[in-house]
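One structure is given below, encoded as structure tokens.
The values are calculated or read from the model by the stated rules, or taken from the named source; none is laboratory data. On a predicted model such as this, the values are computed, not experimentally measured, just so you know. Positions of Cβ are backbone-derived with ideal geometry, glycine not excepted, and every protein chain shown enters the neighbour counts.
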Amino acid sequence: MKPLSLFLILVFLISCKEAKKENSNATEKTIVESPKKEIEKSVEEVYAPQTVNDELAEKIKTYLKTDYLKNDIAILEETDRQFQFYEIDLNEDGKNEIFINFFTRYFCGSGGCTLLLLDANLKPITKFSVMNPPLFVEKTKKNGWSILLIKDSGVFKELSYNKGKYPSNPSILEKAPYDAPSGHAEILFSDEYSKAKIYTY
């Protein structure tokens, strides 16, 4: 009986040791994997939520390639095929309008870059030229649509909706009647306040 008892005790000790080793390995694996997942999650969270919608991005890509840029797409370099967008309801109709920010060399000149405003059905409202984001969207409205503010040549210009569109070229507008946006303005395309995800097409 004694040899059998010693054998059973030995088997029990070896089993405990193996279980402890497995638990230790599992803990180490968790410690290694957890920071990686947290880092991936934090990277995604740096983008403003109004700029992250992969389903909408695919629709925008199709629109750009088959409509808006159909005459340019063949000559666009790969580095120029990038855009950002921002969803926002400008006229309180419950549907988001969409600003598309073209920031690559093909769409930019000495005065600024092209910015496109579409309705919820991806129909053009205004094509802006010489724009230098960030763009400020005020809570105040004129003609039922939010007032936009953009800095141009060191001063802010006010863009007010009228007759179905916004002014397309802020450089020809008079200085806004104030020196800065209000504290209630929503800030678009700002790496500091509303970093936008970059999509390619």
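Set side by side, the residues 115, 122 differ, and just one is aliphatic (A, V, I, L, M), outside any strand (DSSP E or B) and under 26 Å from residue 80 (Cα atoms), which is 122.
Has the range 61-77 got at least one residue that is in the same structural domain as residue 162 (by TED's automatic domain parsing), within 26 Å of residue 169 (Cβ to Cβ) and among the polar types (S, T, N, Q)? Yes, because at least one residue in the range 61-77 is in the same structural domain as residue 162 (by TED's automatic domain parsing), within 26 Å of residue 169 (Cβ to Cβ) and among the polar types (S, T, N, Q). The numbered conditions (1) buried (at least 22 other Cβ atoms within 10 Å of the Cβ); (2) closer than 23 Å to residue 60 by Cβ are all true for residue 126 except (1).
In summary, residue 145 fulfils each of the numbered conditions (1) within 30 Å of residue 75 (Cα to Cα); (2) surrounded by 16 or more Cβ atoms within 10 Å (Cβ to Cβ) with the single exception of condition (1). Filtered by the rule that a residue be touching a residue at least 40 places away in the same chain (Cβ under 8 Å), among the hydrophobic types (A, V, I, L, M, F, W, C) and assigned to a loop (DSSP other than H, G, I, E, B), the range 65-102 gives a lone residue, 90. Each residue in the range 129-150 was checked for being more than 23 Å from residue 61 (Cα to Cα) and part of a strand (DSSP E or B), and 13 pass.
Taking the condition of a type outside the set (A, V, I, L, M) and at pLDDT below 95, does residue 146 pass? Spelling it out, it is not the case that residue 146 is of a type outside the set (A, V, I, L, M) and at pLDDT below 95. Inside the range 107-121, residues that are touching a Lys or Arg at 6+ places or on another chain (Cβ under 9 Å) and surrounded by 17 or more Cβ atoms within 10 Å (Cβ to Cβ) make up a count of 4. Residues in the range 127-141 that are charged (D, E, K, R) and either under 19 Å from the mean Cα position of the chain (by Cα) or within 30 Å of residue 110 (Cβ to Cβ) (or both): 127, 138.
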